[in-house]
């Protein structure tokens with residue numbers, strides 16, 4: 001009794017089983033079961049479904065970014081003008097103008113405090129005043145600069161960016 005040899009290249013069909021669903025995974029029919037698909041949706045990567053968040057027009061984002069840039073280089077006057085002009089036009093513009101104004105005014109208050117500290121330490125000696133006041137002023141300036149740059153990025157993306165209360169006084173709302 002002889003059996004026919006199997007033809008080379010053909011394999012018997014084996015039923016493939018579906019992998020077990022992950023705990024907490026979406027079990028709806030047609031849901032994306034690719035690994036990492038839910039993380040990509042959360043991050044909004046290309047190829048995903050369109051975002052449900054409304055897009056801010058560029059005409060709204062430019063003044064918001066300008067307020068932060070002006071606060072970096074010119075201080076609070078330009079953010080103050082943008083706040084007074086744009087506060088009734090849109091909540092997005094008002095929010096970012098107020099944030100830029102608050103950060104720049106807070107930075108000025110911190111600079112005034114550093115000058116007072118330097119003046120008090122100057123009563124002892126010039127060296128002590130400079131050794132203490134310059135690093136403190138530099139650290140405060142770099143921290144305010146970091147939050148102004150983050151605000152520029154958030155305004156460019158059309159998002160709100162809340163600055164921590166420990167670094168920024170709520171002067172303009």
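We did not get these values from a lab; they are worked out from the coordinates using the rules stated. None of these values were measured; they are calculated from a predicted model. Here the Cβ positions follow ideal geometry from the backbone for every residue, glycine too, while neighbour counts run over all protein chains shown.
Per-structure values
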quantity	calculated
Relative contact order %, region 58-157, counting alpha carbon pairs below 8 Å whose residues are six or more apart	34
Gain upon complete extension [residue 146, residue 127; 0.36 nm per residue less C-alpha separation]	4.0 nm
Packing rank of 138-149, 162-173, where each peptide gets the mean count of other beta carbons within 10 Å, highest leading	138-149, 162-173
Quarter of Cα convex hull surface for region 58-157, i.e. mean projection, nm²	6.1
Listed peptides 117-125, 129-137 by packing density, highest first (mean Cβ within 10 Å)	129-137, 117-125
Additional length obtainable on full extension of the chain from residue 139 to residue 113, 0.36 nm per residue less Cα span	8.0 nm
Estimated distance in nm for a label pair at residue 58 and residue 88, the labels positioned 7 Å out from Cα along Cα-to-Cβ	2.9
